[in-house]
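Just below is one structure, and these are the notes that go with it.
The values are calculated or read from the model by the stated rules, or taken from the named source; none is laboratory data. Since the model is a prediction, treat every value here as computed from it, not as a measurement. In this analysis, Cβ positions are derived from the backbone assuming ideal geometry, glycine residues included, and neighbour counts consider all displayed protein chains. Accessible surface areas use protein heavy atoms only, side chains included; no ligands, DNA or RNA. Shrake-Rupley method; radii C 1.70, N 1.55, O 1.52, S 1.80 Å.
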Amino acid sequence: MSGHDAAVFEFIERVETHASIDTLLDDLLEVVSGFGFQHMIYTGLPAGDASIATLVKTNRFPEDWWSRYVEGDYARSDAVCQQVFDKIEPFVWSEVDAERAAMDGAARVAGEAAEHGLADGYVVPLFSRDEWLSVMSFGGPDKILLSPRERGAVNLMAVYASSTIERRQSRHPRRARLTGREREVLLWTAAGKSCWDISVILNVSEQTIRFHTAQIRAKLNASNITHAVVRAIQQGEITLGQLADSLGDMG
Amino acid sequence: MIEAHVVTIRNKHLYEREFEEFLRRRHEYYAVTNRWVPISDDGLELDPFDTPQATYMLGIMGDRVVTSARLMPTSLPNLVSEEFPHMCENIGLPQREDWADWTRTYVLPEYRGVGSTGILGQMFCAVMEYCVEEGISHVGGVLQQYLLKRWLDMGWNVIPAGLPRILSGDWCLVAYIEVNEMALESGRAHASVPGPLLVRRGEQLPFIESAPRRLAGAAL
């Protein structure tokens, strides 16, 4: 057994012992760095018109890449993501079927991913505990070359890590709270400001604001921003008083 | 909910119809429809491990056998020892009477629901229940990678015997589950199984010759 294999079996032995999901992910990324990976995500795949943002379980992709991916709804033109819907088996990103790689927008998604340090990767399709088609996907800055044994090793770690993550998350259901900045964006939106207006007010890019609004909708499980405002009041994320104040700013 | 009837050489005569029905349905699916195994003359699917030492569990709903399992001590020839010993590079090939080889778990296609509360989860619980009662310490064998996730999702500790490999187009591996009361409880909670599923009729055959069974009401 190679040193590589030993590291994989040792990871599996300690996968249940981590104090938190974060330390588990640190450990996983450390072990898979030996295969050329630096980033990973564990997420359900969106069916129909749904956004992928609500389906993410753990995310260690570069933040600016992920905000672009969600905001641009890249899952729909991402050849890797689309191939998983058809063939539920693991593959290296750069081995994606040629005709899928040639589909509209696919080259742009792959090119932008490469600019964000995700030039190539390996995706492991999985069924979540509630039987939703999901993936654990690993990415890195260089071309990925994996032997069949190494593929088996990454598959095995993905299966163990995904199950541990889901069991932890179901024991401590994550009620995602809005961040201070998200609350601010929501209140400005409720006051009728556009993403561009808010970007000027908060002195950040419009893209960042779009990302925040996507996160807000995801966290509140809301279909649009009006719905999000209602849910935020229901869940105590914002108060009617705050809402009245922000509406007052319009005057 | 299924009833999981324990069938061995000792009480097989009580289950002749059920046993044949199940082998026939498996044969139709594996051999005739999918050509995964050779078509047999009698229309039943049997392999070299259908021996007098095998223990079967027939998952019965109404009057139909909808799922099954077959267990064999790893101290005897079994599917892993005869065909996949090279897939045990992590822990070596198990050869112990209290480590059981688990094969033949299959759900009739028309009974395949979606979700953890389906027939497959019930059969998993029945196998764990049997293993706890019989003093088996580990149960497992060769399985598809996606089923490993189902075992782990039951809250079970699973030891990978080796790395996954592609067998007939599917990622498969050899792995063994640790048997204990906690695993039975967490499995039942996940699969929404309220209590025991095993049914024992007629004379029983202990899985481990030397070990006393932990059967409720069988103190003598």
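Among the candidates B:Gln144, B:Gln95, B:Gln122, single out the residue that is under 15 Å from the mean Cα position of the chain (by Cα), surrounded by fewer than 16 Cβ atoms within 10 Å (Cβ to Cβ) and either of a type in the set (S, T, N, Q) or farther than 30 Å from B:Leu205 by Cα (or both).
Numbers: B:Gln95 fails: under 15 Å from the mean Cα position of the chain (by Cα); B:Gln122 fails: surrounded by fewer than 16 Cβ atoms within 10 Å (Cβ to Cβ).
Step by step, each of B:Gln144, B:Gln95, B:Gln122 is checked, and only B:Gln144 is under 15 Å from the mean Cα position of the chain (by Cα), surrounded by fewer than 16 Cβ atoms within 10 Å (Cβ to Cβ) and either of a type in the set (S, T, N, Q) or farther than 30 Å from B:Leu205 by Cα (or both).
Anything in segment B:148-174 that is at positive phi and at the interface with chain A (Cβ under 8 Å from one of its Cβ atoms)? List them, or say none.
B:Gly155
Determine, yes or no, whether A:Arg183 is open to solvent by less than 70 Å² (accessible area, probe 1.4 Å) and basic (Lys, Arg).
Working: open to solvent by less than 70 Å² (accessible area, probe 1.4 Å): yes; basic (Lys, Arg): yes.
Yes, satisfied.
I'd like to check something: does segment A:154-174 contain any residue that is farther than 29 Å from A:Asp78 by Cα and more than 14 Å from chain B (Cβ to nearest Cβ)?
There is at least one residue in segment A:154-174 that is farther than 29 Å from A:Asp78 by Cα and more than 14 Å from chain B (Cβ to nearest Cβ).
Search segment A:75-91 for residues being buried (at least 20 other Cβ atoms within 10 Å of the Cβ) and touching a helix residue (DSSP H, G or I) at 6+ places or on another chain (Cβ under 6 Å), and hand back the single one that is nearest to the other protein chains (Cβ to nearest Cβ). Explain how you work it out, then say what you get.
Of all residues in segment A:75-91, those buried (at least 20 other Cβ atoms within 10 Å of the Cβ) come to A:75, A:78-81, A:83-84, A:90.
Now narrow it down to the ones that are touching a helix residue (DSSP H, G or I) at 6+ places or on another chain (Cβ under 6 Å): A:75, A:78-81, A:83, A:90.
Details: A:Ala75: 22, A:Asp78: 22, A:Ala79: 21, A:Val80: 18, A:Cys81: 19, A:Gln83: 16, A:Pro90: 7 Å.
The extreme case among them is A:Pro90.
Okay, residues lined up against (1) open to solvent by 30 Å² or more (accessible area, probe 1.4 Å); (2) modelled with pLDDT under 90; (3) closer than 30 Å to B:Trp156 by Cα:
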| site | (1), (2), (3) |
| --- | --- |
| A:Arg174 | yes, yes, yes |
| A:Leu178 | no, yes, no |
| A:Glu206 | yes, yes, no |
| A:Ala218 | no, yes, no |
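From (1) in a helix (DSSP H, G or I); (2) of a type in the set (Gly, Ala, Ser); (3) open to solvent by 20 Å² or more (accessible area, probe 1.4 Å), pick out the condition that doesn't hold for A:Gly48.
Going through the list (1) in a helix (DSSP H, G or I); (2) of a type in the set (Gly, Ala, Ser); (3) open to solvent by 20 Å² or more (accessible area, probe 1.4 Å), A:Gly48 breaks only (1).
Could you tell me which residue of segment A:120-153 is modelled with the lowest pLDDT, considering only residues that are part of a strand (DSSP E or B) and either at the interface with chain B (Cβ under 8 Å from one of its Cβ atoms) or closer than 22 Å to B:Ile159 by Cβ (or both)? Before the answer, list the steps.
Just the residues of segment A:120-153 that are part of a strand (DSSP E or B), to begin with: A:120-127, A:133-140.
Narrowing the set further to residues that are either at the interface with chain B (Cβ under 8 Å from one of its Cβ atoms) or closer than 22 Å to B:Ile159 by Cβ (or both) leaves A:124, A:126-127, A:136.
Values: A:Val124: 98, A:Leu126: 95, A:Phe127: 92, A:Met136: 98.
Going through the qualifying residues, I end up with A:Phe127.
Counting only residues that are surrounded by fewer than 20 Cβ atoms within 10 Å (Cβ to Cβ) and either under 17 Å from the mean Cα position of the chain (by Cα) or within 14 Å of chain A (Cβ to nearest Cβ) (or both), how many does segment B:62-78 have?
Initially, segment B:62-78 is screened for residues surrounded by fewer than 20 Cβ atoms within 10 Å (Cβ to Cβ), giving B:62-64, B:75-77.
Keeping just the survivors that are either under 17 Å from the mean Cα position of the chain (by Cα) or within 14 Å of chain A (Cβ to nearest Cβ) (or both) gives B:75-77.
Here the count works out to 3.
Looking at B:Asp63 and the list (1) touching a strand residue (DSSP E or B) at 6+ places or on another chain (Cβ under 6 Å); (2) at pLDDT below 95; (3) not aliphatic (A, V, I, L, M), which single condition is not satisfied?
(1)
Which of the helices (runs of 4 or more DSSP H) contained wholly in segment B:103-211 include at least 1 residues that are over 29 Å from B:Asn11 (Cβ atoms)?
On the way: elements: B:119-134, B:145-153, B:181-191.
Hits in segment B:103-211: B:145-153, B:181-191.
Just checking, how many residues over segment B:6-18 are in a helix (DSSP H, G or I) and within 21 Å of B:Cys131 (Cα to Cα)?
If we filter segment B:6-18 for residues that are in a helix (DSSP H, G or I), which is where we start, we get B:12-18.
Narrowing further to those that are within 21 Å of B:Cys131 (Cα to Cα): B:12.
Matching residues across segment B:6-18 total 1.
For segment A:5-45, what are the residues that are open to solvent by less than 20 Å² (accessible area, probe 1.4 Å), out of contact with any Lys or Arg (no Cβ under 8 Å at 6 or more places or on another chain), farther than 18 Å from A:Gly140 by Cα and not in a helix (DSSP H, G or I)?
Across segment A:5-45, the qualifying residue is only A:Leu45.
In this structure, does A:Ser170 turn out to be out of contact with any Pro (no Cβ under 9 Å at 6 or more places or on another chain), polar (S, T, N, Q) and open to solvent by less than 60 Å² (accessible area, probe 1.4 Å)? Explain how you work it out, then say what you get.
Working: out of contact with any Pro (no Cβ under 9 Å at 6 or more places or on another chain): yes; polar (S, T, N, Q): yes; open to solvent by less than 60 Å² (accessible area, probe 1.4 Å): no.
Criteria not met by A:Ser170.
Is it the case that some residue within segment A:92-112 is away from every other protein chain (no Cβ under 14 Å), outside any loop (DSSP other than H, G, I, E, B) and under 11 Å from the mean Cα position of the chain (by Cα)?
Of the residues in segment A:92-112, the ones away from every other protein chain (no Cβ under 14 Å) are A:92-112.
So of that shortlist, the ones also outside any loop (DSSP other than H, G, I, E, B) come out as A:92-95, A:98-101, A:106-112.
Then keep just the ones that are under 11 Å from the mean Cα position of the chain (by Cα); that gives none.
Looking for residues that are away from every other protein chain (no Cβ under 14 Å), outside any loop (DSSP other than H, G, I, E, B) and under 11 Å from the mean Cα position of the chain (by Cα), one finds none in segment A:92-112, hence no.
May I ask you to list pairs of residues, at least six apart or on different chains, whose Cβ atoms are under 6 Å apart, with the first in segment A:89-102 being among the hydrophobic types (A, V, I, L, M, F, W, C) and the second being part of a loop (DSSP other than H, G, I, E, B)?
A:Val92/A:Ile144
Go through (1) open to solvent by 30 Å² or more (accessible area, probe 1.4 Å); (2) farther than 20 Å from B:Val7 by Cα and name the single condition B:Glu203 misses.
Result: B:Glu203 fails condition (2) only.
Within segment B:125-141, which residues are under 21 Å from B:Leu93 (Cα atoms) and within 15 Å of the chain's Cα centre (by Cα)? Don't jump to the end; show me each part of the working.
As a first pass, look at segment B:125-141 and keep what is under 21 Å from B:Leu93 (Cα atoms): B:131, B:135-141.
Across segment B:125-141, the qualifying residues are B:Cys131, B:Ile136, B:Ser137, B:His138, B:Val139, B:Gly140, B:Gly141.
Please go through (1) more than 14 Å from chain A (Cβ to nearest Cβ); (2) in contact (Cβ under 8 Å) with a residue 12 or more places away in the chain; (3) not basic (Lys, Arg) for B:Gln145 and return the number of the only condition it doesn't satisfy.
Every condition holds for B:Gln145 apart from (1).
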